[in-house]
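Participant: Please read through the structure below; I'll follow up with questions.
The values are calculated or read from the model by the stated rules, or taken from the named source; none is laboratory data. Bear in mind the structure is a predicted one, so any value in this text is a computation, not a measurement. Note: ideal-geometry Cβ built from the backbone for every residue, glycine included; neighbour counts use all protein chains shown.
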């Protein structure tokens with residue numbers, strides 16, 4: 001089997017209301033659904049989400065479902081489990097209550113390939129079910145840190161946001177990147 005272009009990691013917990021729309025947005029990606037590895041980590045859902053994601057696993061051979069034995073209380077642990085399972089060239093996190101434009105992953109992938117990037121990010125539109133207004137966040141990773149411009153083909157040390165981020169958090173290299181260099 002070919003290495004997937006992108007491993008999409010979804011931390012799953014009681015998202016029955018949203019999961020079908022999120023999954024439909026994955027199926028319709030212009031990069032080609034067959035180029036995606038979908039990893040859903042079920043954090044002990046109790047609302048019927050488990051049955052929905054199992055149907056996706058049965059229907060598609062590029063969908064993997066991992067059922068946690070104990071609820072973690074936050075999406076961090078499920079995401080880390082997804083990273084351990086990922087085999088794609090790139091990794092992206094998708095919350096199951098998110099919806100993607102059909103060209104989102106193609107644009108991100110093509111940008112990463114063109115610039116030989118280890119990391120790319122796009123924009124996000126945030127909305128609330130009870131508020132029809134949408135907020136658009138351009139070039140954002142955390143809501144407190146808005147990047148003022150685009151950075152292409154630069155070291156992570158040259159981007160002020162990431163410099164600050166590195167001081168606050170430990171950035172871990174993904175295991176498959178390290179393994180490639182050792183071979």
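Participant: Working only within the stretch 58-79, note down all residues that are under 16 Å from residue 24 (Cβ atoms) and touching a residue at least 12 places away in the same chain (Cβ under 8 Å). Break it down stepwise before answering.
Facilitator: Here is the first cut: in the stretch 58-79, the ones under 16 Å from residue 24 (Cβ atoms) are 59-60, 62-63.
The answer is 60, 62, 63.
Participant: Shifting gears a bit: Among the residues of the stretch 100-110, is there at least one that is buried (at least 17 other Cβ atoms within 10 Å of the Cβ) and in contact with a helix residue (DSSP H, G or I) (Cβ under 6 Å, 6 or more places away or on another chain)?
Facilitator: Yes, that holds for at least one residue.
Participant: Now, a different point. Quick one: how many residues across the stretch 19-37 are surrounded by fewer than 18 Cβ atoms within 10 Å (Cβ to Cβ) and either in contact with a strand residue (DSSP E or B) (Cβ under 6 Å, 6 or more places away or on another chain) or not assigned by TED's automatic domain parsing to the domain that holds residue 2 (or both)?
Facilitator: The number of residues fulfilling the criteria is 0.
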